[in-house]
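Here's the structure, in structure tokens; my notes come after.
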Amino acid sequence: LSLTITTHVYAQGLPTTDVWLAEIVNELPGRPVRISDGDGYNNQPHFSTGGEVVYYTREMPGGDGSQTDVAAYNLQTLTTTMLTDTAESEYSPTPVPNRNAVSVIQADLDQKQLLWAIDVSNGEMDLLFPDMEPVGYHAWFSDDEVAMFILGDSFTLQTARLNHAGARVVADNIGRSIRKHPETGEVLFVDKNHEPWEVAAFDPATGTTRRVMSLFPGSEDFTIDSAGDYWTGNGSRLYMRSEDDDRWGLMADVSAFGINNISRLAVHHKTGKIALVGESTD
């Protein structure tokens, strides 16, 4: 989803994208397989904690072309089920730590964007942060703490704890990708106050922020695997880099599979899989 300066992230037209899945062998992604089977916007993939499911945001047919629900693709049965079926739109499905639930941003009928949790077993929803709005994107960095992209005059990174009032503003002018570092516990985000934009790391324990590495010009999408290696896309090419490297290393070119403009990425250590979002060229 391309961000523009607007009151709400999702109150605008959605691009046509697909979600693809590939197996990583010896750090090299294999042939990608498209797992999204609907037209329009299929985006924001996230693996379940155990890696057996890929949750993603799926545009639903009918209406004005901007209503979305959460789809769940099962890697074992190769089938897709819908986690939500609401009049509102849900985005950014993310497993909640130590709970059989997925947190989502729901854009309600009044276009408020709040963070909710959905119980995977019964579909019941509960509001997590009633005072944090409008939320654009989010990531859990502990069992009860979330880092959120909050819209406003400047897009800010803020952290909040469940059942606690208030929030901490960490940075401004940030990008949409937020991740937890698997080794250090830092909150990783995109700092847009530099050219090109950079991955930065915020340490919740010390309150300090450090620069990690630059992204490709115009890119604000990255993820990190369990070994601490970073992944990003540039056009049809997929790259990886460790913090010790001085440049991104090309790992795959997926143009031969009809994929271009790679954006969102997710990896899972247990399954050895990588999910990527791209635009189909077929």
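The values are calculated or read from the model by the stated rules, or taken from the named source; none is laboratory data. This structure is a prediction, so every number in the text was calculated from the model and none was measured. With ideal geometry, Cβ positions are generated from the backbone for all residues, glycine too; neighbour counts draw on all protein chains shown. Surface areas here come from the heavy atoms of the whole protein model, side chains and all, with no ligands, DNA or RNA. Shrake-Rupley method; radii C 1.70, N 1.55, O 1.52, S 1.80 Å.
Could you provide, to the nearest whole Å², the per residue accessible area of the stretch 47-149 with probe 1.4 Å?
41
Which of these, ASP172, ASP245, ASP225, has the largest mean-square fluctuation under a Gaussian network model of the chain (Cα springs below 10 Å)?
ASP245
In debye, nearest 20: dipole of the stretch 233-282 around its Cα centre with unit charges on the Cβ of K, R (+) and D, E (-)?
Working: 6 positive and 7 negative charges, 43 e Å.
In debye, rounded to 20, the stretch 233-282 gives about 200.
Here are a few candidate values for P(r) over Cα pairs in 10 Å bins from 0, in percent: (1) 6, 26, 32, 21, 10, 4, 1, 0; (2) 6, 31, 40, 21, 2, 0; (3) 6, 20, 19, 12, 9, 7, 6, 7, 6, 5, 3, 1. Which one was actually calculated from the structure I just gave you?
(2)
Can you tell me the relative contact order of the stretch 77-135? Whole percent, Cα pairs under 8 Å, sequence separation 6 or more. Write out the running numbers ahead of the final one.
On the way: 97 pairs, mean separation 14.4, N = 59.
Relative contact order here is 24 percent.
Report, to the nearest whole %, how much of the accessible area of the stretch 61-178 belongs to carbon and sulfur atoms, 1.4 Å probe, protein only.
That share works out to 45 percent.
Just SER236, SER121, SER36 to compare: in a GNM of the chain, with alpha carbon springs under 10 Å, which one fluctuates most?
Among SER236, SER121, SER36, the largest mean-square fluctuation in the Gaussian network model of the chain belongs to SER121.
For the stretch 100-213, build the charge dipole from Cβ charges (+1 Lys, Arg; -1 Asp, Glu) around the Cα centre, then report which of GLY152, GLN111, VAL212 sits farthest towards its positive end.
Value: VAL212.
Summarise the accessible area of the stretch 196-282 (1.4 Å probe, protein heavy atoms) by the percent that is carbon and sulfur.
Numbers: 1680 of 3760 Å².
The value for the stretch 196-282 is 45 percent carbon and sulfur by accessible area.
Express the accessible area of the stretch 200-261 per residue in Å², computed with a 1.4 Å probe while the remaining protein chains stay in the model.
Numbers: 2760 Å² over 62 residues.
Roughly 45 Å² per residue, with all protein chains present.
Any idea what the dipole of the chain comes to, in debye rounded to 20, about its Cα centre with Lys/Arg Cβ at +1 and Asp/Glu Cβ at -1? Could the numbers behind the result be given before it?
Working: 19 positive and 41 negative charges, 89 e Å.
The dipole of the chain has a size of about 420 debye.
Taking a quarter of the surface of the convex hull around the Cα atoms of the stretch 23-114, what do you get in nm²? Walk me through the numbers on the way to the answer.
On the way: hull surface 28.5 nm².
The directionally averaged projection comes out at 7.1 nm².
Need the C-alpha centroid separation for the stretch 251-282 versus the stretch 28-73, integer Å.
If we compute the Cα centre of each part, the gap is 13 Å.
Rounded, prolate or oblate: which fits the stretch 168-231, taking a ≥ b ≥ c as square roots of the Cα gyration tensor eigenvalues, rounded meaning a/c under 1.5, else prolate when a/b beats b/c? Let's see the in-between values first.
Working: a/c = 1.98, a/b = 1.13, b/c = 1.76.
It comes out oblate by the Cα gyration axes.
Under 8 Å for C-alpha pairs, at least 6 residues apart: give me the relative contact order for the chain, rounded to a whole percent. Walk me through the intermediate numbers first.
Values: 705 pairs, mean separation 40.0, N = 282.
Across the chain, relative contact order equals 14 percent.
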